[in-house]
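Read-outs: derived from the displayed coordinates by stated rules, not from any lab. Values in this document were obtained by computation on a predicted structure and should not be read as measured data. When we count neighbours, we look across all protein chains shown, and the Cβ atoms used for this are built from the backbone with ideal geometry, even at glycine.
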Amino acid sequence: MRPAVVAAVTVLLAGPGALATAAAAPATLPTPANAAVTPLDKYLDNLHTLRATFLQTLADPHGREIDRASGTLIVQRPGKFSWDIRPQPVAGDAAGASTTAAPASSAGAGQLMVCDGVNLWFYDRDLQQVTVKPVDAALSATPAMLLSGAVDVRESFKLAPVGEREGLEWVLVEPAGAQADFRSALFGFEHGELRRMILEDKLDQTATIVFQKVERNGTVRPAEVSFTPPAGADVIGTPRK
């Protein structure tokens with residue numbers, strides 16, 4: 001399982017150092033009782049559905065790109081989402097050599113995460129393996145769950161505005177608990193719309209997600225936020241009925 005996918009459910013400052021600097025900016029993060037309203041709060045207030053394509057890159061602790069993917073995010077609030085990601089060719093390494101991931105056109109490549117409101121499904125196409133857990137037993141502190149409204153934002157995350165940079169207004173997001181799949185994240189907004197996310201994982205890798213075609217509060221079909229394991233796939237876990 002690629003770290004870039006886990007940092008999903010899966011956006012451009014100057015790499016890991018910039019994220020660390022921004023994370024250190026506020027002396028103390030606000031508490032839910034007296035928290036200032038952030039652009040993220042305002043964004044979620046009137047969000048019912050979201051559909052977006054994105055480009056995701058993963059950089060190692062030295063800032064070198066090690067993974068690249070494209071994908072689609074579909075959200076239906078409250079509590080449902082689909083995060084579909086496909087590998088893309090990686091840019092040349094530091095020596096200029098070209099390194100490629102699996103072809104993006106391959107139907108058998110990439111991963112899919114779906115939350116149907118009851119269960120959280122993770123399908124690894126490369127391994128033909130499905131992992132499923134009831135939503136309330138799954139790891140709750142993920143950016144996709146934050147956007148979908150599957151968890152209470154102020155209970156599961158600490159939010160703090162960290163100012164403007166490169167034309168975007170940034171919000172620092174940190175999981176309130178230790179059991180999370182990312183250490184910290186930056187959400188970048190332009191005129192109130194989400195344009196980028198930068199996530200730092202526990203391996204000091206940085207996933208940068210740039211949202212491209214974005215449709216807000218459009219129609220989402222039930223089939224787009226539901227999942228049935230493909231025939232022949234190994235299923236780990238028991239879904240809640």
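Going by a ≥ b ≥ c, the root eigenvalues of the Cα gyration tensor, does segment 45-89 fall in the rounded group (a/c under 1.5), the prolate group (a/b larger than b/c) or the oblate group?
The shape class here is prolate.
Quick check: from the Cα gyration tensor, does segment 122-172 come out rounded (a/c under 1.5), prolate or oblate?
Verdict is oblate for segment 122-172.
Of 225, 207, 175, which is farthest towards the positive pole of segment 118-226's charge dipole, taken about the Cα centre with +1 and -1 on the beta-carbons of Lys, Arg and Asp, Glu respectively?
Most positive-ward Cα: 225.
Just how large is the dipole of segment 107-233 about the Cα centre, in debye to the nearest 20, putting +1 at every Lys and Arg Cβ and -1 at every Asp and Glu Cβ?
Around 160 debye, computed over segment 107-233.
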